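S.K.: If you scroll down you'll find the structure; I have some questions about it.
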Amino acid sequence: DTGVREAEEDADGTETNVRLADGASVFGIDVSKWNKEIDWQKVKAAGVEYAIIRCGYRGASTGALVEDPYFEKNIKNATEAGVRVGVYFFTQATTPVEAVETRTAVCTAFCETIENAGYTAGVYASKNWLTGKLDAQKLSPYSVWLAQYSGKPSYQGTYDMWQYTSAGTVDG
């Protein structure tokens, strides 16, 4: 919940006002407890078509699984406002041993578990992680949510969603 956002390493300062042409993309937001109270009617009116809502996270120090305190409220209110929703669970290694060599295997195991439960699974990672710390080819059966803070992504692999900033805001 307090991890360094490595997507910022790829930032080029052009990400603040990115918006693709109508029809070329679907505009969405990513929300969690850090956004506090959200007026979902205003969010919808601002043109947001979907939200990826954090359902929980794995604590950085203890590894405890924690539900995001705004999860249920955000799902309910976004849905009622007509905003399509998806969820994410933020996880990370808590020891060096856990992190080394097993990153891709852990992602694959998690995605398989999610898909076996009948849902669509994906991996959220920065360009830096996708090119240097994960085997993106082995993760190709799953959706990729690319975090690269720039006016145009330079990641050469396949991705389904692109997060272009960590500092964007919309009304609501």
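S.K.: Roughly what would the spin-label model give for Val26 and Glu112, points 7 Å off Cα along C-beta, in nm?
M.R.: 2.8 nm
S.K.: Rounded to whole Hz and in sequence order, give me ³J(HN,Hα) for region 45-56 from the Karplus expression 6.51 cos²θ - 1.76 cosθ + 1.60, θ = phi - 60°, writing x for Gly and Pro.
M.R.: Residue by residue, region 45-56 yields 5, 7, x, 6, 9, 8, 9, 9, 10, 6, 8, x Hz.
S.K.: Another question, then. Of all the Cα-Cα pairs you can form in region 42-172, what percent are over 21 Å apart?
M.R.: 49 percent
S.K.: Computing the accessible area with a 1.4 Å probe over protein heavy atoms, can you report the carbon and sulfur percentage for region 52-134?
M.R.: C and S atoms contribute 58 percent here.
S.K.: Tell me, what ³J(HN,Hα) does each residue in region 150-167 have, in order and in whole Hz, if you take phi through Karplus 6.51 cos²θ - 1.76 cosθ + 1.60 with θ = phi - 60° and put x for Gly and Pro?
M.R.: 7, x, 8, x, 10, 4, 8, x, 7, 8, 9, 9, 10, 9, 9, 7, 10, 10
S.K.: So what is the accessible area of region 18-172 per residue, in Å², with the probe set to 1.4 Å?
M.R.: So region 18-172 comes to 59 Å² accessible per residue, rounded to a whole number.
S.K.: Between Tyr119 and Lys152, how high is the FRET efficiency from 1/(1 + (r/R0)^6) when r is the Cβ-Cβ distance and R₀ = 45 Å? Nearest 0.05.
M.R.: Given R0 = 45 Å and the Cβ-Cβ separation, E is 0.90.
S.K.: For a 30 Å ceiling on Cα separation, which of these pairs sit above it: Lys42/Lys152; Lys33/Lys127; Lys73/Lys138?
M.R.: Lys73/Lys138
The values are calculated or read from the model by the stated rules, or taken from the named source; none is laboratory data. Because the structure is predicted, anything quoted here is derived from the model rather than measured. We place every Cβ from the backbone using ideal geometry, glycine too, and count neighbours over all the protein chains shown. Each accessible area value is taken on the protein alone, full model and side chains, heavy atoms only, with ligands, DNA and RNA left out. Shrake-Rupley method; radii C 1.70, N 1.55, O 1.52, S 1.80 Å.
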